[in-house]
Amino acid sequence: MREFWELYKNGQWEVPFLTFSIYLFVAASLILYLIIVASRNGKIKKERLSREYSALIDKIMSAVIFQDVSFAEVKKDKNFLVLFDTSFFREVLTESLINLHKNYEGIYAQKLEQFYKESGLIKDSFRKLKSLKWEVKCKGITELAEFNIKEAFDRIIVYSKARKKTLKIVALNAAIKLEGTKSVNYLVEHSDPIDDWMQLNIIGAFKKHDVGDTVGIEHLLESQNTTVVALGLKLIKELKLTQKLPHVVHLAENTSNTVIKYKAQSLLQALTV
């Protein structure tokens with residue numbers, strides 16, 4: 001320590017310090033440049049592979065949808081098996097399946113769902129639910145919901161109480177798509193506040209997935225969570241559920257919350273008119 005103090009007092013530390021700083025800056029700049037180049041090259045390679053894979057996948061999916069080719073027949077192709085062992089190919093394949101599934105209905109959609117299960121891509125989606133990254137969890141949830149994997153409901157609804165708002169919304173939307181009003185039972189006990197943005201997304205999910213069975217929505221009005229009650233009132237209004245008016249009347253007459261009472265009365269007036 002004494003030697004360093006002497007160097008500091010004599011001013012002899014300045015040149016070594018500046019030299020070291022310059023070398024450190026040059027080294028850091030070089031490393032950063034190499035990382036950027038490597039990242040860019042990686043993206044370019046992925047884009048090229050994605051185009052190549054998409055051409056092959058389109059042929060396979062065409063055979064699956066229109067020629068009743070099963071996954072067992074597809075995997076007889078050794079080239080396909082080699083590619084299928086790579087995670088990136090499976091990602092591209094899953095994305096292609098999702099895009100096709102959104103555009104097909106009936107028997108064609110069922111064939112895609114069967115391929116998704118037989119190929120084991122469903123296992124990849126379930127593994128994503130265990131990821132520590134919320135965006136990966138969202139991806140897995142979206143995939144399982146898209147292919148109507150109802151057995152995933154219990155694992156998905158858990159994330160409706162996640163800290164990340166986006167993950168909450170994705171989980172609730174998926175739960176509504178899979179089981180409709182069954183997800184209401186979980187909302188009634190929801191202890192966290194459901195803000196306006198989340199409420200809009202939940203209402204949008206009910207409309208988008210055309211949930212025909214609305215039995216149970218009235219239970220939202222019984223929740224101890226005022227934001228859940230507000231959501232129930234909005235759902236009744238947006239879906240025009242006039243058969244739920246007796247429950248709204250009961251809420252308006254018995255609630256001690258002035259804001260909820262006003263919303264209930266406004267809803268009664270709007271639906272009655």
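Just checking, does segment 236-254 include any residue being of a type outside the set (D, E, K, R), farther than 23 Å from GLY140 by Cα and not in a helix (DSSP H, G or I)? Yes, segment 236-254 contains a residue that is of a type outside the set (D, E, K, R), farther than 23 Å from GLY140 by Cα and not in a helix (DSSP H, G or I).
Of the numbered criteria (1) within 28 Å of THR166 (Cβ to Cβ); (2) among the aliphatic types (A, V, I, L, M); (3) not in a helix (DSSP H, G or I), the one VAL215 fails is (1).
Quick grid of which residues meet (1) more than 11 Å from the chain's Cα centre (by Cα); (2) not hydrophobic (A, V, I, L, M, F, W, C):
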site	(1), (2)
GLU105	yes, yes
TYR108	yes, yes
LYS111	yes, yes
SER119	yes, yes
ASP124	yes, yes
LEU129	no, no
THR142	no, yes
ASP154	yes, yes
TYR159	no, yes
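The condition of being closer than 27 Å to LYS237 by Cβ, assigned to a helix (DSSP H, G or I) and either open to solvent by 10 Å² or more (accessible area, probe 1.4 Å) or among the polar types (S, T, N, Q) (or both) does not hold for SER191.
From the list PHE84, PHE115, PHE88, PHE80, which residue is over 21 Å from ILE176 (Cβ atoms) and at pLDDT below 90? First the steps, then the outcome.
Numbers: PHE84 fails: at pLDDT below 90; PHE115 fails: at pLDDT below 90; PHE88 fails: at pLDDT below 90.
Selected residue: PHE80, the only one of PHE84, PHE115, PHE88, PHE80 that is over 21 Å from ILE176 (Cβ atoms) and at pLDDT below 90.
If you check LYS177 against the conditions, is it over 22 Å from TYR104 (Cα atoms) and either over 17 Å from the mean Cα position of the chain (by Cα) or assigned to a helix (DSSP H, G or I) (or both)? Spelling it out, it is not the case that LYS177 is over 22 Å from TYR104 (Cα atoms) and either over 17 Å from the mean Cα position of the chain (by Cα) or assigned to a helix (DSSP H, G or I) (or both). For VAL69, are the conditions met, namely being outside any helix (DSSP H, G or I) and either hydroxyl-bearing (Ser, Thr, Tyr) or without any contact (Cβ under 8 Å) to a residue 60 or more places away in the chain (or both)? When the stated conditions are applied, VAL69 passes them.
Test ARG90 against the stated conditions and say whether it is charged (D, E, K, R), without any contact (Cβ under 8 Å) to a residue 60 or more places away in the chain and touching a Leu at 6+ places or on another chain (Cβ under 7 Å).
On the way: charged (D, E, K, R): yes; without any contact (Cβ under 8 Å) to a residue 60 or more places away in the chain: yes; touching a Leu at 6+ places or on another chain (Cβ under 7 Å): yes.
Against the criterion (charged (D, E, K, R), without any contact (Cβ under 8 Å) to a residue 60 or more places away in the chain and touching a Leu at 6+ places or on another chain (Cβ under 7 Å)), ARG90 qualifies.
Across segment 136-180, the number of residues qualifying as in contact (Cβ under 8 Å) with a residue 12 or more places away in the chain, surrounded by fewer than 19 Cβ atoms within 10 Å (Cβ to Cβ) and farther than 20 Å from HIS101 by Cβ comes to 8. Filtered by the rule that a residue be of a type in the set (A, V, I, L, M), part of a helix (DSSP H, G or I) and under 15 Å from LYS237 (Cα atoms), segment 255-273 gives ILE260, ALA264, LEU267, LEU268, ALA270, LEU271. Among the residues of segment 33-64, those identified as touching a helix residue (DSSP H, G or I) at 6+ places or on another chain (Cβ under 9 Å) and of a type in the set (A, V, I, L, M) are LEU49, LEU56, ILE57, ILE60, MET61, ALA63, VAL64.
The values are calculated or read from the model by the stated rules, or taken from the named source; none is laboratory data. Note that this is a predicted model, so its numbers are computed, not measured. Backbone-built Cβ (ideal geometry, glycine too); neighbour counts: all protein chains shown. SASA here: full protein model, heavy atoms, side chains in, ligands and nucleic acids out. Shrake-Rupley method; radii C 1.70, N 1.55, O 1.52, S 1.80 Å.
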